[in-house]
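The values are calculated or read from the model by the stated rules, or taken from the named source; none is laboratory data. Note that the coordinates shown come from a computational prediction; the quantities given were computed from them, not determined experimentally. In this analysis, Cβ positions are derived from the backbone assuming ideal geometry, glycine residues included, and neighbour counts consider all displayed protein chains.
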Amino acid sequence: MKKLVYLLFLTFTFFDSYSQEKPGESKSELPHSLFEVQKNSFVLETNFIATLNFQYERLLPVKNNFGLLLGGGYTMGVGFGDGSHWFNAEALAVLGGPQHIFEGGFVAFLGSDSSGPGIKIGYRNQRKKGFLIKADLYVITFEDPPFFPIIGLGYSF
C-alpha cells in the first residue's frame, strides 16, 4: 500500500497542469500593460443599417493602463445612408488593458454632402496580437438621429 501511494505521489508531482493557458504560453508571456499589446490595427465597423467603416488605428501607450489611439478611415453609406461617403479622423483616450480597453474621444467627418465633429465612446477586446472586437457609440452632430451604435471586427499587428 505504501508503494502504491508513493508511486501515485511521484506520478502526479511531475504533471504540470496548465488548463487555463494555451500550450507553450506561460503566465509571464501574457501581456500585462498597453506597452505589450500590438500597436497597429485594421478594423471593419458597421451598424448594419446605414454605414460601413474601414479604419486604421495606432495605439500610443503613455502608461501601463492609459494611452492615446489615433485613427483614420473611410466611411461609406449603405442601406439608409446609400450614396454618402466620408473620410474620418479620430483621437481617443484609452483606459484599461491590456485586453479589455475602454476608449473615448473625438471624431471628425469630412464628406461630400455633410461634415462635422462627433464623439466616440466604446469598448475594445484586443488580444496580444491578432483578433479584436469592438462595440462603439458614435454621437454625430450633423446627422439625424445623432446616435450610431457600431460593432467592429479587426486584426492587430
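A single entry from PHE131, PHE142 fulfils the requirement of being surrounded by fewer than 16 Cβ atoms within 10 Å (Cβ to Cβ), in contact with a strand residue (DSSP E or B) (Cβ under 7 Å, 6 or more places away or on another chain) and outside any strand (DSSP E or B): PHE142. Surrounded by 13 or more Cβ atoms within 10 Å (Cβ to Cβ), over 21 Å from ILE133 (Cβ atoms), touching a strand residue (DSSP E or B) at 6+ places or on another chain (Cβ under 9 Å) and modelled with pLDDT under 65, is that true of GLY77? No; evaluated as a whole, the condition is false for this residue. Pairing each residue of the range 89-100 that is acidic (Asp, Glu) with any residue that is assigned to a loop (DSSP other than H, G, I, E, B) and at pLDDT 90 or above, provided the two are 6+ apart or on different chains, yields no C-beta distance under 7 Å. If you go through the range 110-120 and keep only what is surrounded by 15 or more Cβ atoms within 10 Å (Cβ to Cβ) and more than 19 Å from the chain's Cα centre (by Cα), you end up with GLY111, GLY118. Does at least one position in the range 95-107 carry a residue that is farther than 20 Å from PRO145 by Cα and of a type in the set (Val, Ile, Thr)? Yes, because at least one residue in the range 95-107 is farther than 20 Å from PRO145 by Cα and of a type in the set (Val, Ile, Thr). Residues in the range 96-109 that are surrounded by 13 or more Cβ atoms within 10 Å (Cβ to Cβ) and in a strand (DSSP E or B): GLY96, ILE101, PHE102, GLU103, GLY104, GLY105, PHE106, VAL107, ALA108, PHE109.
Yes or no, residue by residue, for (1) at pLDDT below 90; (2) exposed (fewer than 15 other Cβ atoms within 10 Å of the Cβ); (3) part of a loop (DSSP other than H, G, I, E, B):
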site	(1), (2), (3)
LEU8	yes, yes, no
THR11	yes, yes, no
ASP16	yes, yes, yes
GLN20	yes, yes, yes
PRO23	yes, yes, yes
PRO31	yes, no, yes
SER41	no, no, no
